Amino acid sequence: MAVKDYLRERFLPHLWCPGCGHGEVLGGLVRAIEQLGLSKNEIVMVSGIGCSSRISGYVDFHTLHTIHGRALAFATGVKIARPELKLIVPMGDGDALAIGGNHFIHAARRNLDMTALVMNNRIYGMTGGQFSPLSGEDVSATTAPYKTIDRGFDVVELAKAAGATFVARSTTFHVQQMTDIIAKAIRHKGFSVVEVLSQCPTYFGRKNKIGDAADMITWFKDHTTPIGSKAKQEDPGLIERGIFVEKQEPEYCEEYEKVVARAKGRRS
Amino acid sequence: MAKPKLKQHHINRDWCKGCGICVELCPKKVLALDEQDKVTVVRPQDCICCRLCELRCPDFAIEVETQE
Ligand SMILES: Cc1ncc(C[n+]2csc(CCOP(=O)(O)OP(=O)(O)O)c2C)c(N)n1
Ligand code: SF4
Ligand code: SF4
Ligand code: SF4
Ligand SMILES: [Mg+2]
């Protein structure tokens with residue numbers, strides 16, 4: 001199937017601003033699904049609220065556009081009811097780790113078989129450029145005219161500590177790597193977290209004078225490096241990208257099946 | 001494997017938002033924005049068919065077709 005067959009073309013052009021990285025993530029995701037040869041009917045995409053969450057409107061899978069921060073909770077319900085379906089849960093940085101932070105760590109702890117995609121533009125795009133828990137220090141935002149003092153979460157470290165069994169990071173510069181990682185994350189049995197550094201030229205870029213969308217994408221090239229590279233040893237400030245964790249652990253739905261079997265056994 | 005040769009770029013002017021990503025990040029400076037801020041091909045002979053324009057376009061507005 002061609003990439004465009006996975007899109008609801010009638011809703012394009014999408015509502016994202018010119019140069020918004022979320023469109024690149026959408027492209028990477030549908031290309032990954034095309035590579036895996038999945039049928040549209042076996043995929044359920046669940047999203048919350050945010051510019052990023054609008055992604056579910058453009059893909060021709062089963063889609064649920066739910067409430068801010070709770071996409072993983074809705075996805076948990078779908079997955080437990082229909083474990084044979086592939087769940088993909090794209091979230092903004094605010095969606096996933098501000099209001100949705102608790103759902104995020106507990107979904108990871110349970111090792112539910114689904115893919116959480118954090119579209120991290122380090123800002124609340126939809127609501128006008130407030131800073132988020134992923135903005136980090138020294139960032140200008142609508143709510144930080146004199147710059148942020150808050151430290152940011154490291155999504156990878158957080159996901160690892162919470163128990164995710166697949167953890168990776170890529171960027172909208174590294175589109176081929178992004179596609180490859182998303183494909184591996186979807187194939188992985190267990191809770192997969194993929195952070196994609198994405199650009200919001202309208203708020204993050206403008207407020208922080210990084211330049212246009214292409215300049216922001218180039219920033220990702222200049223400030224990231226493959227895991228364990230020599231460059232990282234020389235410049236610890238570089239952000240690593242690649243696959244950090246890929247391991248097998250008991251998956252929640254399968255364990256739940258055992259509980260159901262135990263309960264049935266006792267009753268009969 | 002033989003190097004792919006360009007047949008043509010397919011541009012969807014209705015979807016292109018003129019963001020300039022493909023123009024600025026093309027390694028061979030094949031593309032430009034026209035007076036209506038839509039992408040256009042100015043140096044097709046220099047295209048190396050890397051497809052990065054296609055893969056990085058947030059709007060699915062440019063595709064690279066190669067010769068078989
Ligand atoms: C319960 C609730 N609280 C707050 C909001 C307002 N709100 C909508 S989107 C959003 C944050 C968007 O930022 P992010 O998740 O990073 O997505 P982006 O728009 O940057 O892609 C907020 C606070 C809401 N819709 N619902
Ligand atoms: S406000 Fe930012 S995140 Fe939202 S569509 Fe525009 S560029 Fe994208
Ligand atoms: S395929 Fe590569 S070289 Fe050709 S126009 Fe696109 S980015 Fe430029
Ligand atoms: S990247 Fe896409 S939307 Fe942006 S100028 Fe190029 S073709 Fe147009
Ligand atoms: Mg955001």
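Between A:Ser229 and A:Arg151, what FRET efficiency follows from the Cβ-Cβ distance if R0 is 30 Å, with the result rounded to 0.05?
Efficiency, rounded to the nearest 0.05: 0.80.
Which parts of the range B:27-68, residue by residue, lose 40 Å² or more of accessible area when the rest of the protein chains are there, as against the chain isolated (1.4 Å probe)?
Buried-area filter returns B:Leu55, B:Arg56, B:Pro58, B:Phe60.
State which entries of A:Lys147/A:Lys221; A:Lys160/A:Lys232; A:Lys40/A:Lys209; A:Lys221/B:Lys28; A:Lys86/B:Lys3; A:Lys230/B:Lys7 exceed 29 angstrom in Cα-Cα distance in the structure shown.
Numbers: A:Lys147/A:Lys221 24 Å; A:Lys160/A:Lys232 20 Å; A:Lys40/A:Lys209 40 Å; A:Lys221/B:Lys28 18 Å; A:Lys86/B:Lys3 37 Å; A:Lys230/B:Lys7 40 Å.
The pairs that break the limit, which is 29 Å between Cα atoms, are A:Lys40/A:Lys209; A:Lys86/B:Lys3; A:Lys230/B:Lys7.
Calculate, in nm to one decimal, what A:Tyr256 and A:Gln176 gain on full extension: separation in residues at 0.36 nm each, minus their alpha carbon distance.
25.2 nm
With contacts defined as alpha carbon pairs under 8 Å and 6 or more residues apart, what's the relative contact order of chain A in percent?
This gives 18 percent for chain A.
Using a 1.4 Å probe on the protein heavy atoms only, what accessible surface does A:Asp93 show? Give it in Å² to the nearest 10.
Its heavy atoms expose roughly 0 Å² to the probe.
To the nearest 10 square angstrom, what accessible area does A:Tyr256 show with a 1.4 Å probe?
100
Treat each spin label as a single point 7 Å out from the Cα along the C-beta direction, and report the A:Asn102 to A:Lys4 distance in nm.
It works out to 4.6 nm between the two label points.
Please identify which residues in the range A:60-76 have an amide N closer than 20 Å to a label point set 7 Å out from the Cα of A:Asn41, following the Cα→Cβ vector.
Residues A:60-64 qualify, since their backbone N sits under 20 Å from the label point.
Hey, quick one: spin label on A:His65, modelled 7 Å out along Cα-Cβ, who in the range A:81-123 has an amide N within reach, i.e. under 18 Å?
Counting backbone N atoms under 18 Å from the label point, the list is A:88-93, A:95-96, A:119.
Summarise the accessible area of chain B (1.4 Å probe, protein heavy atoms) by the percent that is carbon and sulfur.
The value for chain B is 49 percent carbon and sulfur by accessible area.
Hey, if you drop one equal point scatterer on each alpha-carbon of chain A and run the Debye formula without solvent, what base-10 log of I(q)/I(0) do you get at q = 0.11, 0.15, 0.16 Å⁻¹?
Per q value, in the given order, log10 I(q)/I(0) is -0.58, -1.07, -1.22.
Test of the criteria: in the range A:128-187, which chymotrypsin sites (Phe, Trp or Tyr not before Pro) are in a DSSP loop and have at most 16 other Cβ atoms within 10 angstrom of their Cβ?
Answer by residue number: A:Tyr146.
Output needed: percent of Cα pairs per 10 Å distance bin for the range B:5-67, bins running from 0 to the one holding the longest distance.
Reading upward from the zero bin: 25, 61, 13.
With +1 on the Cβ of every Lys and Arg and -1 on the Cβ of every Asp and Glu, and nothing else charged, how large is the dipole of chain A about its Cα centre, in debye rounded to the nearest 20?
800
Excluding ligands, DNA and RNA, what is the accessible area buried between chains B and A, summed over both sides, using a 1.4 Å probe, to the nearest 100 Å²? Don't skip to the answer; put the middle values down first.
Working: alone 4940 and 12630 Å², together 15730 Å².
Its buried surface, counting both partners, is about 1800 Å².
Nothing charged except the Cβ atoms of Lys and Arg (+1) and of Asp and Glu (-1): what's the magnitude of the dipole of the range A:1-102 about its Cα centre? Round to the nearest 20 debye.
Result for the range A:1-102 is approximately 180 debye, rounded to the nearest 20.
What residues does the range A:197-241 have that are buried by at least 20 Å² of accessible area in the full protein assembly compared to the chain on its own, 1.4 angstrom probe?
Buried by 20 Å² or more upon assembly, which counts only protein chains, are A:Asp212, A:Ala214, A:Ile217.
Only Lys, Arg, Asp and Glu count, each charged at its Cβ (+1, +1, -1, -1), so figure out the dipole size of the range A:184-239 about its Cα centre, rounded to 20 debye.
Rounded to the nearest 20 debye, it is 280 debye.
With every protein chain left in place, what is the accessible area per residue of the range A:3-267 in square angstrom, probe 1.4 Å?
43
What number comes out for accessible area per residue over the range B:5-67 if the probe is 1.4 Å? Units Å², please.
Counting only protein heavy atoms, the per-residue value for the range B:5-67 is 51 Å².
Indicate the residues belonging to the range A:147-190 that lose 50 Å² or more of solvent-accessible heavy-atom surface (probe 1.4 Å) upon moving from the chain alone to the assembly of all protein chains, ignoring ligands and nucleic acids.
Buried by 50 Å² or more upon assembly, which counts only protein chains, are A:Val175.
If I measure Cβ to Cβ between cysteines in chain B, which ones have no partner under 4.7 Å?
B:Cys16, B:Cys19, B:Cys26, B:Cys47, B:Cys49, B:Cys50, B:Cys57
Are there trypsin sites (Lys or Arg not before Pro) in the range A:143-229 that DSSP marks as loop and that have at most 11 other Cβ atoms within 10 Å, and which are they? Walk me through the numbers before you get to the answer.
Working: sites: A:Lys147, A:Arg151, A:Lys160, A:Arg169, A:Lys184, A:Arg187, A:Lys189, A:Arg206, A:Lys207, A:Lys209, A:Lys221; in loops: A:Lys147, A:Arg151, A:Lys189, A:Lys209.
Answer in residue order: A:Arg151, A:Lys209.
Could you tell me what percent of the accessible area of the range A:3-267 is made up of carbon and sulfur, with a 1.4 Å probe and every protein chain present?
Using a 1.4 Å probe with all protein chains present, the range A:3-267 comes out at 51 percent carbon and sulfur.
The values are calculated or read from the model by the stated rules, or taken from the named source; none is laboratory data. Every value quoted in this text rests on a predicted model; they were computed, and no experiment measured them. Heads up, the Cβs are rebuilt from the backbone with ideal geometry, glycines too, and the neighbour counts pull from every protein chain shown. For accessibility, only protein heavy atoms count, side chains too; no ligands or nucleic acids. Shrake-Rupley method; radii C 1.70, N 1.55, O 1.52, S 1.80 Å.
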